[in-house]
1. Could you check the stretch 1-100 for helices (runs of 4 or more DSSP H) lying wholly inside it with 2 or more residues that are surrounded by 18 or more Cβ atoms within 10 Å (Cβ to Cβ)?
2. At pLDDT below 90 and not polar (S, T, N, Q): which single residue out of PRO265, PRO234 fits that description?
3. Examine the stretch 132-145 for a residue that is aliphatic (A, V, I, L, M), crowded, with 17+ Cβ neighbours inside 10 Å, modelled with pLDDT of 95 or more and over 19 Å from HIS173 (Cα atoms), and state whether such a residue exists.
4. If you go through the stretch 171-194 one residue at a time, do you hit one that is hydroxyl-bearing (Ser, Thr, Tyr) and in contact with a Gly (Cβ under 7 Å, 6 or more places away or on another chain)?
5. Of the numbered conditions (1) surrounded by fewer than 14 Cβ atoms within 10 Å (Cβ to Cβ); (2) within 22 Å of ALA81 (Cα to Cα), GLU194 satisfies every one except a single condition; which is it?
6. Where the second residue is acidic (Asp, Glu) and in a helix (DSSP H, G or I) and the first is not assigned by TED's automatic domain parsing to the domain that holds VAL237 and buried (at least 18 other Cβ atoms within 10 Å of the Cβ) and lies in the stretch 161-190, which pairs have Cβ atoms under 7 Å and are six or more apart or on separate chains?
7. Go through (1) of a type in the set (A, V, I, L, M); (2) at pLDDT 95 or above; (3) not assigned by TED's automatic domain parsing to the domain that holds VAL142 one by one and return the number of the condition MET224 breaks.
Amino acid sequence: MMPDVVELRRDFLVTAPDAFSAPIMAWESGCLSAFGPVVAVIGAFDGVHLGHRSLIDSAVADGRMHGWRTVAVTFDPDPDAVVSTRPALKLTTHDDRLALLARTGVDAVLVIPFTPELSKLDHASFFSRVLLAACDVRAIHVGSDFRLGYHGASTVPVMQGWCSEHGIALTGHELVSCDGEVVSATHIRSHIAEGDLARAESELGRRYLVRGRIRSGRGEGTGMGFPTANVEVPHGVQLPKEGVYSGLSLVEGSVWPAAINVGVPPTFRDRPESASLEAHLIGFSGDVYGHDISLVFARLLRGLVKFSSVDELVRTVLDNIDSVKDEFGESGVVLDDL
């Protein structure tokens, strides 16, 4: 049946009324000087997965032990988008990433503009000219695989040497494992690309979420008895492998069960208006063209196939919808305080 509101808030990244959210601050010289001594935890944090949260928890605990504030330091855009000719697809939008970081228990999120010029700095220049110019850093926490500087030349031991000379304690934390596998954004992307949503969920700590905007599509679904919302997603977002999934949708403040199709169905591949992501919202009625929609994926129901007839297609899709109804019911839930 439909998950409870707490679980739905978690999956759709909706803030609870009493949730603490740290300020998100753009970098400028001295922008966090009023904080006094701080602990900095640094990373790209795509997905803000269980490994990231463990690292951040350690930094927050260090800050509390010393009576210092804790600051999550991240970048915009993701460094990969600047230095790589083939940047990785993203697990979270920029806004969602910052919102997730702001709710981890840190006292502030510091966003550093990542430019080609910044990418050419070595670790010493980055620390002295960028990080220490913004705040009074006394300790730094990173993952053990964290690298900094031009072409990632500076490893944790190299950075520890410089920090030690400047009275800063830098800790490189061992990476978190889940079911024998290191939790990383790379591995989570791989699970999603393979359609293994359960594995991705276990490492993210929530169901996988994709946001987009509803646009007009082919229109056949309405005539067949299952109207679909055709979803346009931002460039660079990781989508699951092609297939039909059970899931949930958030539109206009309410969550509805959804049968979600990823990839252009083979039956309609010759139609230029075909969408590569579409969802049938169970129990919903209304015109939502042009509205934003969020989709979370639960499990893969089947792969994409070319049907021999329209009747076969309709029977199969209706069976898929029945599977979603069995899993999540047939009615919506209103989420407050969006």
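The values are calculated or read from the model by the stated rules, or taken from the named source; none is laboratory data. It should be emphasised that the depicted structure is a prediction, and the values quoted were computed from it without experimental measurement. A quick note on method: Cβ atoms are made from the backbone with ideal geometry, for glycine too, and the neighbour counts reach across all protein chains shown.
1. Values: elements: 5-12, 50-66, 79-83.
The qualifying helices (runs of 4 or more DSSP H) are 5-12, 50-66.
2. Values: PRO234 fails: at pLDDT below 90.
On inspection, the qualifying residue turns out to be PRO265.
3. Filtering the stretch 132-145 down to residues aliphatic (A, V, I, L, M) leaves 132-134, 137, 139-140, 142.
Then keep just the ones that are crowded, with 17+ Cβ neighbours inside 10 Å; that gives 134, 137, 139-140, 142.
Subset that is modelled with pLDDT of 95 or more: 134, 137, 139-140, 142.
Restricting the remaining residues to those that are over 19 Å from HIS173 (Cα atoms) gives 134.
Yes, there is a match, as at least one residue in the stretch 132-145 is aliphatic (A, V, I, L, M), crowded, with 17+ Cβ neighbours inside 10 Å, modelled with pLDDT of 95 or more and over 19 Å from HIS173 (Cα atoms).
4. Here is the first cut: in the stretch 171-194, the ones hydroxyl-bearing (Ser, Thr, Tyr) are 171, 177, 184, 186, 190.
Okay, now just the ones that are also in contact with a Gly (Cβ under 7 Å, 6 or more places away or on another chain), so 184.
Taking every residue of the stretch 171-194 in turn, at least one turns out to be hydroxyl-bearing (Ser, Thr, Tyr) and in contact with a Gly (Cβ under 7 Å, 6 or more places away or on another chain).
5. Of everything listed in (1) surrounded by fewer than 14 Cβ atoms within 10 Å (Cβ to Cβ); (2) within 22 Å of ALA81 (Cα to Cα), GLU194 misses just condition (2).
6. Partner pairs satisfying both residue conditions: VAL183/GLU203; ILE188/GLU203.
7. Of (1) of a type in the set (A, V, I, L, M); (2) at pLDDT 95 or above; (3) not assigned by TED's automatic domain parsing to the domain that holds VAL142, only one is false for MET224: (2).
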